[in-house]
Amino acid sequence: MHKLRDQLKRPETLRVIVELEVRSPEDKDLEHLGDLGLDVERVVGNKVVGSIPAAKLEGLEADDSVRMVERSEKLGLH
Amino acid sequence: MAKKKRVAKPAKKAAKRRTTKKKTPAKTRHVRSRRRTPESEAAPERSYLGKLDPMLRLGASRAKVEARFQTRAPEVPAAAERPEAVSGLSLGIQSLASRMSKVGAERLRKEDLVSVVVDCRAGESVRDRVDQWGGCGTRVSPSTVVARVPRTELESLARLSAVRYVEASTKLKLHSDLAHVSSGLVRAGVRTVAQTGAGVLVGVVDTGIDVSHPAFRSGGKTRIVNYLDQFTDQEFDAAKIDAGDAAGSTDTVGHGTHVAGIAAGNGGGSPNSSLRGVAPEADLAVVKSTLETADILTAIAHIFDIAKARNQPAVVNCSFGGHVGGHDGSTIIERTIDELSGPGRIVVVSAGNEGSDPIHAHGVVRGDGSTAGRWEAKFSLSPRTFQGESGPVELGILFLQVWHQREDRLKIRLRAPGGNVLDPPAEGSKEYDFGSFFVDASRQVHPYSGDTLVTFEVITLPQSQWLTNWTLVAEEDSPGSATVGAVHAWIRDGAEGRFTTGATFEYLIGMPATAYSAVTVASYATRNQWKSRDPQNPSIHLEALALEALSTFSSPGPTRDGDNKPEVAAPGEWLLAPLSKDALASELPLFTRVSGIEYASLRGTSMSAPYVTGSLALLLQKDGSLDWGEAKRRLIKSTRQDRHSGVCWNARWGYGKLDVERLLTIEPNA
């Protein structure tokens with residue numbers, strides 16, 4: 001396997017920001033995200049902040065209700 | 001006999017000296033002769049005076065004159081004509097005293113002691129001599145003595161061979177920070193605008209805040225109306241903060257406290273509250289953030305929710321950033337900022353401190369139609385220690401994002417040090433493992449902009465042959481397949497590696513500063529000296545730093561899609577603002593901590609952004625319904641240019657220097 005990469009600790013759960021196709025998500029939309037494995041933390045407009053098992057990320061990205069998924073990046077102080 | 005001998009011997013010696021003098025070579029005689037002339041007094045005088053701070057020379061000279069010619073004392077203006085606190089002192093000391101606190105000046109008048117900082121070779125002996133003269137000294141380092149010296153002994157002090165330099169201890173200047181003068185907020189010690197930020201909410205997303213700092217308290221109560229700690233998920237309102245409930249949510253970095261103080265500190269804890277922030281009467285809402293984009297997004301929304309509940313206009317400061325994304329405002333967090341901004345809702349972001357970092361490469365890949373255009377940039381990785389599955393492991397890890405426009409069909413690939421060529425798939429990702437290095441290459445069309453993003457995650461062994469000589473190659477799919485041909489590549493962080501060829505020191509404003517609606521702020525210098533708590537460097541003086549010049553670290557624009565960012569430059573290099581009592585020494589070293597008060601001197605676009613945040617709070621006090629578009633228009637219209645900024649807009653200064661006075665007086669339709 002990938003010896004170098006496997007030396008590093010890889011997170012099992014990823015924090016993500018999800019942009020939905022719908023402008024104003026309803027409860028059923030959020031429930032659907034839950035079914036896809038996303039643990040919803042906060043909804044801001046049609047953006048959803050949450051965490052998801054790394055293994056389920058591809059399924060989330062491929063879902064028709066999802067326009068875009070970004071991993072939560074740690075930013076640096078200026 | 002004995003008496004005769006005692007008389008005779010000196011006579012003989014004197015005769016011998018005279019004889020010797022006659023035999024002395026002419027050159028030596030000449031030197032000795034010069035020492036007897038009036039000019040000869042000047043040489044050693046210059047020598048010791050050169051060791052005295054010019055501020056002290058007047059005092060020393062005056063003391064000497066007064067000691068010799070007591071009758072000339074009336075040269076000093078009559079007491080009635082002099083400032084009361086310093087009457088009875090020589091002119092030099094009056095001048096010195098005018099730079100001291102009232103208490104210090106009073107003591108000076110009574111005891112005629114001068115506060116000095118002495119740079120010397122033997123601190124112990126210098127301190128002892130000062131004590132012998134009736135002064136008092138403290139050796140703060142092997143080469144530094146802080147002392148109060150009788151005025152009449154300043155000359156003696158400077159004459160000591162162990163003394164290299166005697167500097168007047170001026171402490172802080174008792175007027176507003178230099179930044180306020182540069183920005184037009186203060187002239188002749190008086191604020192030029194009536195607005196103080198009252199009724200406006202200043203939001204700070206940062207490392208937290210020292211809620212006990214007097215700069216954030218007024219009338220015995222906190223000015224912080226809401227404090228959210230994203231690490232513990234605790235939220236405190238003003239009542240809870242005053243009850244001490246937020247004491248555990250400390251600012252151990254010190255960054256957030258400083259930033260909040262620049263924007264909205266009221267000067268508490270500084271002499272005569274002289275170190276006020278820009279909007280000293282604004283309310284504060286602070287989020288101690290993890291600085292993950294997911295939490296930042298939540299934090300900004302939270303602050304605007306607080307503002308809505310309080311029916312207040314709000315401006316939120318973001319003094320952080322990163323280099324993941326299209327650098328065109330298309331990341332989710334940037335577009336969320338756009339959506340959250342509106343009438344009475346403005347977000348200010350620092351441009352970044354990567355102005356000198358070779359982390360961006362740019363080229364145009366466009367052939368002549370018969371041959372495919374091609375462009376290359378080389379880069380190297382920096383070895384670092386990571387936490388591995390079985391303990392610390394040293395590796396090179398670099399995250400590279402390459403963007404090109406949707407109009408173009410390009411091949412983007414990597415050439416490894418050994419010559420292997422690594423192609424991303426047409427869509428999705430592909431892994432390459434060569435034992436000594438691993439590469440994850442992926443390609444996607446960005447859902448928002450439609451541009452193509454190729455990402456490489458490179459992991460290598462820490463030996464130099466695997467860390468260096470990597471090449472990014474971009475070429476047309478076929479001759480003429482590029483319409484625009486612009487290729488931009490960013491290394492995520494300068495700590496991961498650097499471009500060794502192809503680097504361009506532009507397009508270095510990261511996200512979320514490239515958000516379309518955000519006000520993006522560059523930095524220039526307004527201070528190069530202060531008194532620090534560092535015993536090794538009690539008087540910081542950065543002589544090479546030109547005041548009013550752009551900070552070399554300030555990240556230049558424009559954005560990848562050509563948006564004119566930064567919009568404005570503000571004071572950001574060495575600003576004095578509140579120091580968190582919990583700031584770790586590893587975060588804010590002694591030299592940054594101002595002597596005698598709980599303030600720190602820091603620099604960065606992190607400091608220039610809150611300066612603009614505070615300024616916009618003043619503007620929102622005047623008109624709470626202003627949206628970001630009109631606020632930007634007025635900012636741009638009111639900027640000033642000088643010989644440092646040159647013609648604006650330009651990629652480093654934006655539209656020029658912030659001018660608060662003009663910003664607050666400019667007509668809406670100007």
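Brief remarks follow.
- Count of lysine pairs in segment B:513-670 with Cα separation under 16 Å (8 or more residues apart, or interchain): 6
- Among B:VAL190, B:VAL324, sorting on how many other beta-carbon atoms sit within 10 Å of each Cβ, with the fewest leading, yields B:VAL190, B:VAL324.
- Overall size of chain A from C-alpha positions, given as principal axis extents largest first: 44, 36, 18 Å.
- Cβ-Cβ distance of B:GLN463 and B:SER625, R₀ of 45 Å, FRET efficiency by 1/(1 + (r/R0)^6): the value works out to about 0.15.
- Averaged over the residues of peptide A:39-51, the number of Cβ atoms from other protein chains lying within 10 Å of each residue's Cβ is 4.
- A straight chain from B:TYR165 to B:THR385 at 0.36 nm per residue would run longer than the Cα-Cα distance by 74.7 nm.
No value in this document is a laboratory result; all are computed from the given coordinates. Since the structure is predicted, the reported quantities are computational estimates derived from the model, not experimental observations. Every residue, glycine as well, gets a Cβ built from its backbone with ideal geometry; the counts of neighbours run over all protein chains shown.
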